[in-house]
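A.B. asks: Here it is: the structure, laid out below.
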Amino acid sequence: MQQTDEPRTETRSAVRFDHVYKAFVARSGGSEPVLALQDVTFDAQPGEFISLVGPSGCGKSTCLNLIAGLSGPSDGAVSHHGSPVRGVNTSVGYITQDDNLLPWRSLRGNVELGMELRGVERRERRERAQEFIELVGLSGFEDHYPHELSGGMRKRAGIIRTLVYDSSVVLMDEPFGPLDAQTRVILQAELLKLWERSRPTVLFVTHDLVEAIALSDRILVFTTNPGTIKRDYRVELPRPRDPFRIHETPGFSELHDALWDDIRAEIEKSRERGSS
């Protein structure tokens, strides 16, 4: 395990945050702006899998929304492959807690949707969709509709719908949060298998430290609100990784304990602030 307090400064970043602040103002007006992010600086290199962890409300999801261009920074700069993000960033894939499948389209139709919108020829998108459907064990369900699929199956469909058209940057906001523990681990293994195929840059928000360790190259620990980066951990556990046996990997316990110590300190800080 290697721990660094300073962000890295490689020049060819897939994503970069440069001293980013983000404040929100209540729609009703009359109240002071709420600072969600404070002086956040980090970069993600092409092919890196980075998890964002920290207390609830520390701005992790806000970071993803800034990369996606769903909102803009109050100060500082967010860039995607060297270009400032201005407006909705259609070049990134975004996977949320909800599967967001269209109920009137079959599994195959949902998986093909992104490619269809990008004008990919029908035969090519059919072949690529089928390849990914088979990769995640959904063969035989191509013509089923979302209401006919289990929660885990819908989540697999949502993931491959985003990965099938090869976005170089994929944002994932607690995608396995609503699922039971067993299904989560199964899907972690599926995600690693899919990620290994083309190695997109992934920014992954989670509250599950075991999940973060199993998946990531780096883990960014955020402070309590307003969120800034407290620690940047490099996960040096060897790949390929088996999420089912990650606890047995040398170095796992030490990294897990260090992450928990950081987050517990932030939770206690938040409680003290609330009681004062």
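A.B. asks: From the set of residues in segment 247-268 that are without any contact (Cβ under 8 Å) to a residue 24 or more places away in the chain and surrounded by fewer than 13 Cβ atoms within 10 Å (Cβ to Cβ), which is farthest from Leu191 (Cα to Cα)? Give the steps one after another, and end with the answer.
C.D. replies: Filtering segment 247-268 down to residues without any contact (Cβ under 8 Å) to a residue 24 or more places away in the chain leaves 248-250, 253, 257, 261, 264-265, 268.
Within this subset, residues satisfying the condition of being surrounded by fewer than 13 Cβ atoms within 10 Å (Cβ to Cβ) are 248, 250, 253, 257, 261, 264, 268.
On the way: Glu248: 20, Pro250: 22, Ser253: 23, Asp257: 25, Asp261: 28, Arg264: 28, Glu268: 33 Å.
Filtering first and then ranking leaves Glu268.
A.B. asks: Look through Glu190, Glu174 and report the one residue that is acidic (Asp, Glu) and touching a residue at least 60 places away in the same chain (Cβ under 8 Å).
C.D. replies: Details: Glu190 fails: touching a residue at least 60 places away in the same chain (Cβ under 8 Å).
Answer to the selection: Glu174.
A.B. asks: So, one more: List pairs: first in segment 68-85 and part of a strand (DSSP E or B), second aromatic (Phe, Trp, Tyr), Cβ under 6 Å, 6+ apart or cross-chain?
C.D. replies: Asp75/Tyr21; Gly76/Tyr21; Val78/Phe17
A.B. asks: Being in contact with a Pro (Cβ under 6 Å, 6 or more places away or on another chain) and either of a type in the set (Val, Ile, Thr) or not in a loop (DSSP other than H, G, I, E, B) (or both): is that true of Val111 here? First the steps, then the outcome.
C.D. replies: Numbers: in contact with a Pro (Cβ under 6 Å, 6 or more places away or on another chain): no; either of a type in the set (Val, Ile, Thr) or not in a loop (DSSP other than H, G, I, E, B) (or both): yes.
No: the conditions fail for Val111.
A.B. asks: For the subset of segment 111-153 comprising residues that are surrounded by fewer than 17 Cβ atoms within 10 Å (Cβ to Cβ), at pLDDT 90 or above and under 20 Å from Gln97 (Cα atoms), which member is nearest to the chain's Cα centre (by Cα)?
C.D. replies: Ser150
A.B. asks: Okay, moving on. Assess whether Asp180 counts as being within 21 Å of the chain's Cα centre (by Cα), over 26 Å from Asn65 (Cβ atoms) and of a type outside the set (A, V, I, L, M, F, W, C). Steps first, please.
C.D. replies: Working: within 21 Å of the chain's Cα centre (by Cα): yes; over 26 Å from Asn65 (Cβ atoms): yes; of a type outside the set (A, V, I, L, M, F, W, C): yes.
Judged against the criteria, Asp180 is a match.
A.B. asks: For segment 10-59, enumerate the residues that are charged (D, E, K, R) and either at pLDDT below 95 or closer than 22 Å to Arg199 by Cβ (or both). Show your work before the answer.
C.D. replies: Here is the first cut: in segment 10-59, the residues charged (D, E, K, R) are 10, 12, 16, 18, 22, 27, 32, 39, 43, 48.
Those that are charged (D, E, K, R) and either at pLDDT below 95 or closer than 22 Å to Arg199 by Cβ (or both): Glu10, Arg12, Arg16, Arg27, Glu32, Asp43, Glu48.
A.B. asks: Which numbered condition trips up Ser198, out of (1) crowded, with 19+ Cβ neighbours inside 10 Å; (2) within 25 Å of Ala129 (Cβ to Cβ)?
C.D. replies: Going through the list (1) crowded, with 19+ Cβ neighbours inside 10 Å; (2) within 25 Å of Ala129 (Cβ to Cβ), Ser198 breaks only (1).
Here's the yes/no breakdown for (1) modelled with pLDDT of 95 or more; (2) of a type in the set (A, V, I, L, M); (3) under 20 Å from the mean Cα position of the chain (by Cα):
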{"site": "Lys230", "(1), (2), (3)": "yes, no, yes"}
{"site": "Arg234", "(1), (2), (3)": "yes, no, yes"}
{"site": "Thr249", "(1), (2), (3)": "yes, no, no"}
{"site": "Ser253", "(1), (2), (3)": "yes, no, no"}
{"site": "Asp257", "(1), (2), (3)": "yes, no, no"}
{"site": "Asp261", "(1), (2), (3)": "yes, no, no"}
{"site": "Glu268", "(1), (2), (3)": "no, no, no"}
{"site": "Arg273", "(1), (2), (3)": "no, no, no"}
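A.B. asks: Right, another one. So for segment 32-44 (the condition being within 14 Å of Leu171 (Cβ to Cβ), surrounded by fewer than 16 Cβ atoms within 10 Å (Cβ to Cβ) and among the aliphatic types (A, V, I, L, M)), does at least one residue qualify?
C.D. replies: Applying the first criterion (within 14 Å of Leu171 (Cβ to Cβ)) to segment 32-44 yields 44.
Add one more test, that the residue is surrounded by fewer than 16 Cβ atoms within 10 Å (Cβ to Cβ), and what stays is none.
No: zero hits.
A.B. asks: Next question, about the same structure. Within segment 190-232, can you find the residues that are in contact with a helix residue (DSSP H, G or I) (Cβ under 7 Å, 6 or more places away or on another chain), among the aliphatic types (A, V, I, L, M) and not in a strand (DSSP E or B)?
C.D. replies: Selection gives Leu191, Leu192, Leu194, Leu209, Val210, Ile213, Ala214, Leu215.
Quick grid of which residues meet (1) surrounded by 14 or more Cβ atoms within 10 Å (Cβ to Cβ); (2) under 30 Å from Leu101 (Cβ atoms):
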| site | (1), (2) |
| --- | --- |
| Leu163 | yes, yes |
| Leu179 | yes, yes |
| Thr206 | yes, yes |
| Val210 | yes, yes |
| Arg245 | no, no |
| Ser270 | yes, no |
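The values are calculated or read from the model by the stated rules, or taken from the named source; none is laboratory data. Because the structure is predicted, anything quoted here is derived from the model rather than measured. Quick reminder, even Gly has a Cβ in these numbers, built from the backbone with ideal geometry, and neighbours come from all protein chains shown.
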